[in-house]
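The values are calculated or read from the model by the stated rules, or taken from the named source; none is laboratory data. Keep in mind that this is a model prediction, so the values were computed, not measured. Cβ atoms come from the backbone with ideal geometry, glycine included; neighbour counts cover every protein chain shown. Side chains are part of the model used for accessible areas, which takes the heavy atoms of the whole protein and leaves out ligands, DNA and RNA. Shrake-Rupley method; radii C 1.70, N 1.55, O 1.52, S 1.80 Å.
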Amino acid sequence: QVQLVESGGGLVQPGGSLRLSCAAAASIFNIATMAWYRQAPGKQRDLVASVTRDGVINYADSVKGRFTISRDNAARTVWLQMNNLQPEDTAVYYCNLAFLALNRWGQGTQVTVSS
């Protein structure tokens, strides 16, 4: 059973920062691709950023230069540092673990950007 536990969401003003964390209680974390997705009300769930086990990183165009994804295999944790947040970043953010046919989601954490 692969469980992902997220934390770090909240309410922030435009231009502010938040750091999301996702901890995995499974050793498969070390060989999996980890990613953050987000889903705004009435919209589909979209990829925000991903990092492979070898450290190859991919970002959605909308967050490039503002968000940074990182992982620590020893801690089995992946982070998403979000800077210069804007109202359009408001969404529920989900952590994802993927390895071959295995695909797991965290419970989601709400990020609200509003003045």
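Observations, loosely collected:
- Matching residues, the stretch 98-115, being within 23 Å of Pro41 (Cα to Cα), part of a strand (DSSP E or B) and open to solvent by less than 60 Å² (accessible area, probe 1.4 Å): Thr109, Val111, Thr112, Val113
- Single residue of the stretch 29-47 satisfying the filter (more than 16 Å from Pro87 (Cβ to Cβ) and surrounded by 15 or more Cβ atoms within 10 Å (Cβ to Cβ)) that is modelled with the lowest pLDDT: Phe29
- Matching residues in the stretch 10-27 - criterion: being surrounded by fewer than 14 Cβ atoms within 10 Å (Cβ to Cβ), among the hydrophobic types (A, V, I, L, M, F, W, C) and under 20 Å from Ala75 (Cα atoms): Ala25
Here is a yes/no grid of residues against (1) more than 18 Å from Gly108 (Cα to Cα); (2) among the hydrophobic types (A, V, I, L, M, F, W, C):
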residue	(1), (2)
Met34	no, yes
Leu47	no, yes
Ile57	yes, yes
Phe67	no, yes
Thr77	no, no
Gln81	no, no
Asn84	yes, no
Asp89	no, no
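- The C-beta contact set for the stretch 7-18 (first residue free of Cβ contacts under 8 Å to residues at least 60 places away in the same chain and closer than 18 Å to Asn96 by Cα, second residue among the β-branched types (Val, Ile, Thr) and exposed (fewer than 15 other Cβ atoms within 10 Å of the Cβ), distance under 7 angstrom, 6+ apart or interchain) is empty.
- For the condition touching a strand residue (DSSP E or B) at 6+ places or on another chain (Cβ under 8 Å) and without any contact (Cβ under 8 Å) to a residue 40 or more places away in the chain, Ile69 qualifies.
- Unique match (being touching a Ser or Thr at 6+ places or on another chain (Cβ under 8 Å), free of Cβ contacts under 8 Å to residues at least 12 places away in the same chain and open to solvent by 60 Å² or more (accessible area, probe 1.4 Å)) among Asn84, Asn58: Asn58
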